[in-house]
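What follows is a set of notes on a single structure, which appears directly below.
The values are calculated or read from the model by the stated rules, or taken from the named source; none is laboratory data. As the structure is a computational prediction, the values presented were derived from the model and not from experiment. Here the Cβ positions follow ideal geometry from the backbone for every residue, glycine too, while neighbour counts run over all protein chains shown.
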């Protein structure tokens, strides 16, 4: 899948470079397009994106580490998202943007924590338990998430150069995980990994706005980083093979976005 994704990006980049050279950056006999578009107080649009979500894990030194070896690892995957754009003009260089959308995400967590059998007699943080054999279905958790992502961002853009304008933006996100299972009474003992439903993050973005006859196209790269810990702990009676091994777990994501306004 990654090879196919990289090939698509390379082909798209070559095609875009050829098109941009012919249509956007050739200065001879060319008129500026959508000259008054950015003078609007409010404007609207939508975006489509490809994203890569992963977890930043901080592991518990007792249950999540064996010497220098990490007992829990995460694996990211590529997915997609889409949403709407609302923009308010502040002045010639600043805009305020809100971009509510849905991000469809799937990640894997691998718990290589069979060694935690040594705590079966009980400790101050876990009850005594009967060790169980961790098969593949016990060690691997596929964590699906659908984030309702609502970023509020302040955009700073440079002066327009013919039919293009670079910009940077930064802001905060509220991210509601619609598949969190946070309120479920089941946990990893029943094969269910739970995470928090309401989350907060910060984002930074860089891109270039390209002006055409009828619309504005903006390719951009955005990084989003969760602020809060997303782990919902297993029930106290569950053996410490899973969430006790994780001190904190925070989403981090890179997105390639195409915006149409």
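Quick notes on this one:
- Checking residue 78 against (1) within 23 Å of residue 222 (Cβ to Cβ); (2) in contact with a helix residue (DSSP H, G or I) (Cβ under 6 Å, 6 or more places away or on another chain); (3) buried (at least 17 other Cβ atoms within 10 Å of the Cβ), the condition it does not meet: (3)
- Scan of segment 219-261 for residues that are closer than 30 Å to residue 162 by Cα and either modelled with pLDDT of 95 or more or under 12 Å from the mean Cα position of the chain (by Cα) (or both), ordered by number: 219, 220, 221, 222, 223, 254, 255, 256, 257, 258, 259, 260
- Which numbered condition residue 112 misses (of (1) surrounded by 15 or more Cβ atoms within 10 Å (Cβ to Cβ); (2) in contact with a helix residue (DSSP H, G or I) (Cβ under 9 Å, 6 or more places away or on another chain); (3) free of Cβ contacts under 8 Å to residues at least 40 places away in the same chain): (3)
- Among residues of segment 220-247 that are within 30 Å of residue 168 (Cβ to Cβ), those with a Cβ under 7 angstrom from a residue that is part of a loop (DSSP other than H, G, I, E, B), sequence gap 6+ or separate chain, pair up as 228/196; 230/196.
- Among the candidates 213, 181, 199, the residue that is within 30 Å of residue 62 (Cα to Cα), at pLDDT below 95 and either outside any loop (DSSP other than H, G, I, E, B) or more than 15 Å from the chain's Cα centre (by Cα) (or both) is uniquely 181.
- Residue-level check: of (1) closer than 30 Å to residue 100 by Cβ; (2) at pLDDT below 95, residue 151 misses just (2).
- With respect to the conditions (1) surrounded by 11 or more Cβ atoms within 10 Å (Cβ to Cβ); (2) more than 25 Å from the chain's Cα centre (by Cα); (3) at pLDDT below 95, residue 15 falls short on a single one, namely (1).
- Hey, residue 191 within 30 Å of residue 241 (Cα to Cα) and free of Cβ contacts under 8 Å to residues at least 40 places away in the same chain or not: no
- Meets criteria (surrounded by fewer than 22 Cβ atoms within 10 Å (Cβ to Cβ) and within 27 Å of residue 261 (Cβ to Cβ)) for residue 236: no
- Residue count for segment 116-145, restricted to those that are outside any loop (DSSP other than H, G, I, E, B), within 20 Å of residue 191 (Cβ to Cβ) and more than 34 Å from the chain's Cα centre (by Cα): 1.
- Among (1) touching a residue at least 40 places away in the same chain (Cβ under 8 Å); (2) surrounded by fewer than 17 Cβ atoms within 10 Å (Cβ to Cβ) - the single one residue 200 does not satisfy: (1)
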